[in-house]
Structure formats: structure tokens, C-alpha cells
1. Applying a 10 Å radius around every beta-carbon, put A:2-13, A:405-416 in order of their mean neighbour count, most first.
2. Pairs of alpha-carbon atoms within less than 8 angstrom and 6+ residues apart define the contacts here; what relative contact order does the range A:92-207 have, in percent?
3. Under a Cβ-only charge scheme (Lys and Arg +1, Asp and Glu -1), can you give me the dipole magnitude of chain A about the Cα centre, in debye to the nearest 20?
4. Before anything else, pin down the relative contact order of chain A: Cα pairs under 8 Å, at least 6 apart, normalised by residue count, whole percent.
5. Using θ = phi - 60° and the Karplus curve 6.51 cos²θ - 1.76 cosθ + 1.60, what whole-Hz ³J(HN,Hα) does each residue of the range A:470-475 get, with Gly and Pro shown as x?
6. How large, in percent, is the carbon and sulfur part of the accessible surface of the range A:3-479 at a probe radius of 1.4 Å?
7. Return one whole number: the accessible area per residue of the range A:50-146 in Å², for a 1.4 Å probe.
8. Under 5 Å between amide hydrogens, which residues at least 5 positions from A:Ile9 or on another chain qualify, with H placed 1.01 Å from N in the peptide plane?
Amino acid sequence: MTSRDLKKINDALWEIPRQGGMRVPARIYATEKMLPAILSDKAPEQAMNVAHLPGIINYSLAMPDMHWGYGFPIGGVAAFDLQDGIISPGGVGYDINCGVRLMASNLKRQQITGKMQELVTELFNSVPTGVGAGGRLTVSKAELKKVVRQGAHWAVARGYGSESDLEYIEESGCVDGCDPAAVSAHAYARGSKQLGTLGSGNHFLEVGYVAEIYNPKAASALGLFLDQITVIIHCGSRGFGYQVCDDSLGIMDKAGRKYGISLPDRQLACAPISSPEGQQYLGAMRCAINYAFANRQAIAHFTRMAFERALAMPPAEIGLRTVYEVAHNIAKFETHLVNGERKKVCVHRKGATRAFAPGSNEIPAAYREVGQPVLIPGDMGRYSYVLVGTEQAMQDTFGSTCHGAGRALSRTKAKKQARGRNIGRELQDRGIYVIGKSRRTLDEEIPEAYKDVSHVVDACARAGISRKVAQLRPLGCIKG
DNA sequence: ATGTTC
């Protein structure tokens, strides 16, 4: 695809007109400068494919961090009519409820100078990390059924973190409508040993600090101040969510044929929301959503413990509280304004973040005036961002924005570029102490493997679908 | 993303 195939809507928004079997146009959020990289990938074609799906409302949307994914593009947002529309596992992704928690402390950067190595080591020893990591917290299948019903509440009830965390998690850390009977024995078996584990790939736990504030009023509402020590936890539903997704694909493939849904790409396999197959996936997916909420809640607890041990300070002095937690691989029923009327729709966000406007009841009371916090991790070496949602996002993107930097290099290309280098040492020279479980992951995750997240965030700000609040910079990190 | 899986 070339830029000639796009119609310019404004400086940060482009449209692929409806053509062929597309039911709606596709819209890409990006600045002109970002277009060549976006168009060099198959992701725009995937956004067009999504526009073919039954019941899609308004547009097939793609955020500036879009790139190629399974069926739907990563960075894709699509809402479907509850009567005529579909639910698709490819529109959620393999890592169901992959998401990000931001924690902020009472500490200033200067207070932990020289302690980063100890702190990161303690974190690495406290949070199981890497492919197949598990074992810290093992639960029976019966207990796991409670986990998938209760989400983060399950973790808090068992002493992992506090009640006050729950208010600051999207959906308060638990969604309704889960169906534990829709989850396979294999998924339960995989999930039983993986609560409180980080995983691998782009998942990480990072200690950083507030480096810049763009919006003092919003930063103050979120309790953020310059040089404040922060923690970002990025992970998902581990083998449990993966298995739920995998189990559903075969079922969806058959359902597509049964209901006569014609697809431009088999990976868009889906079923009508109202069908038994659609309901089964929704029930199982919601179990995985809650599993991920419980997972991040347990990790947050281990993080607090590690801080206390490494810094030899009491919890009140460290003061690590949850600023907010977002999901960025999820499908949810939400009420949006469609053609001037409030309507409940099924929003798929795959590598995209909810970004609700000021005033929404879904936002914690303390933040309601400034909008929903949106947490955008960058790469290991540069920076991450805190944004807030806007009214424009409610009107244009079903209350959604970007989710991260987006890959610039494939894993294979990144590994090739990292050959002969010592990535840990390079990052240490930049003042970032990293412990990685495997050298391979560290190589795949070199900063150059990612686009500059500031460009992504600026495109969303320019389009008006979120506002910049603060920039965070890394000091230490653990990786799978 | 996942973990060694027809």
C-alpha cells in the first residue's frame, strides 16, 4: 500500500476508503512522517480486512503504533453491534488482558542513588520471570476457578496488596460474565503455577522516575511529581490466556463456516456475539481477563516486598501505591454514542488502550476531572508516557488510544543487530541496570527494535485522542 | 505473546 491509497482527514488521521467487501472505511492515526514505516507493513491491509466483518460500526481503526498481528493488526480498535456483530479472538490477541500497571512511590530519585543494583536484584528474585516461569504461587484447579471469577480481588483477599489498589484498576480488577466451565483443563493446568509471574518477550517490570511533566493539573491529580520513583509492570495472562485463545481458534473456524461468515483472512475467525460459540469465547476470555488482573496484583505485592527488603525501609516510607492499571488486549461491552444515540457495543482493543474522557463514571473519583490515565510503555532505554483520555476519543475511537512504541525490527532482525554486543552493559552505561532471564530476550528487546514512543504519543495528542501528562525514564528493569 | 505443542 502507498500513501496514494489514503485520504487525508487531518494532520494525524488518514482514511482508506470503503472498497470491495469492506462494510466501513479503515482509519489510521499517524503523522505524515510515520506513514512510510506503517505502509511498509501488512498492518494497513489487516485494518481493511477487519472492515469486512459483520456488524462493524463506523470504522476499522488503527493507532499510530500499529503493526502486523494475528488476523487483526496490533494497534487495532473495532466496535461491533451486539445483535448483528461478531466476536473474534484475533481481535483480542493471544495474550488476553495484557496490560500495564503504574505504581508511584513517596521516594525521590536521589533517595535511591546507588541502590539500583540491589533493588533490581531483589525484584528479579521476587518475581518469577521468563518463558514458562512459575512456582512462586501454586493454586489448585478449584482455587483457580475462584481466581477467574474474582480477578485482582482474589489476590487482595489472600494478602497480595490492599483494597485501595482495586479502585485504581480498569474494571476495578474484575469483569463480570466469566464462564469457568468454558475454559479447558489444559488452560487450568497451565495457569495453576503462573500467578504472580512476569513472562517473557516485551513483558517487563521497570523502576523509573518522573522526568517531565506536561500537564501539572493532571499530574497532580494522579499524584505524580518530578523525580518521583515509579514502577511499571507490563504483563498479561501467561499460558492461561494463551491456551484460552488457542482453544477458541478451532471452534471459531468452524463457527465461521456454520454461520456463513465470509472472511478475507482465515485468521479473522469469529462468531456472532449471540451464538453459543461467541458466548463460549466471551465467557472463557473473561476468565483470562480476570487471571491477568490477579497476576498483576500479585506481582505488585511482590514488588512492594522487594522494595522493602532492598531499601530496608518501612512500607509507609516507600509508599508504593497503584496510580492506575490498564488493559490493552481485550474485548468489552461498552456504551458509546453511535449516530447520536447511546448504544451498547462490543469494543475489541488489540494493542490499544481505553482512554475515557473526564467525567466518565468508569474513572476513579480522584481522577474524574482530568480523564482516565493511559499508560504507554516505551523501550528499555528511552522513556514511557502517562496520558489521559479525552472527549475526542469518546467521539472518534470508542474511547481508545495507542498502547506502546510498536516494533521497528522483527525479533530476528533485532537479534542480528545485537550480535557481538553486550546489551546489559550498554544499558548500564546509559544509567539503566537491567537483569534479563535470557540473553536472547534482551537481544530481541534492544531499544532500536522499537519505534520512538514519543512519536506515537505525539500523534495521538495531535489527533486529540489523548493528552500528555508526564514522561517517565527508566533506572532499572527486569526482563524475561 | 506462548513454550517445545498434529
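The values are calculated or read from the model by the stated rules, or taken from the named source; none is laboratory data. Values in this document were obtained by computation on a predicted structure and should not be read as measured data. A quick note on method: Cβ atoms are made from the backbone with ideal geometry, for glycine too, and the neighbour counts reach across all protein chains shown. Only protein heavy atoms, including side chains, enter the accessible area calculation; ligands, DNA and RNA are left aside. Shrake-Rupley method; radii C 1.70, N 1.55, O 1.52, S 1.80 Å.
1. Per-residue Cβ counts within 10 Å, averaged per peptide and sorted highest first, yield A:405-416, A:2-13.
2. Details: 84 pairs, mean separation 43.5, N = 116.
Computed over the range A:92-207, the figure is 37 percent.
3. 920
4. Working: 1219 pairs, mean separation 105.4, N = 480.
Reported relative contact order: 22 percent.
5. Here the 3J(HN,Hα) series is 8, 10, 10, 10, x, 10 Hz.
6. Details: 8210 of 17470 Å².
Its accessible area is 47 percent carbon and sulfur atoms.
7. On the way: 3200 Å² over 97 residues.
I get 33 Å² per residue for this part.
8. For A:Ile9, whose amide H was placed from the backbone, the distant partners under 5 Å are A:Trp14, A:Glu15.
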